[in-house]
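The values are calculated or read from the model by the stated rules, or taken from the named source; none is laboratory data. Nothing here was measured: the structure is a model prediction, and the numbers come from that model. Positions of Cβ are generated from backbone atoms using ideal geometry, with glycine treated the same way; all protein chains shown enter the neighbour counts. The accessibility values were calculated without ligands, DNA or RNA, using every heavy atom of the protein model including side chains. Shrake-Rupley method; radii C 1.70, N 1.55, O 1.52, S 1.80 Å.
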Amino acid sequence: MANQRTDSHGGTVKVTLLKSPTGFNRNQLAVVTGLGLRRIRHTVELKDTPDTRGMIHKVRHLVEVTE
């Protein structure tokens, strides 16, 4: 059986960087860069996949997510 929480429904999510990753762990800076976010208030639209959700979860205190 498929897990609803981790299944991709083919949708997208909009991710906006609200805080600077400066001063946080270097791994979090790498995740923010990997998401494609370049500066504060920059928004990107990404596919809603378990991998993307995991990255967002790691930096959830720095970003805002809109489905």
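Annotations for the structure displayed:
- Among the residues of region 41-67, the ones that are surrounded by fewer than 12 Cβ atoms within 10 Å (Cβ to Cβ) and either touching a residue at least 60 places away in the same chain (Cβ under 8 Å) or in a loop (DSSP other than H, G, I, E, B) (or both) come to 4 in all.
- Qualifying residue in region 16-36 (condition: open to solvent by 30 Å² or more (accessible area, probe 1.4 Å), assigned to a strand (DSSP E or B) and at pLDDT 95 or above): no
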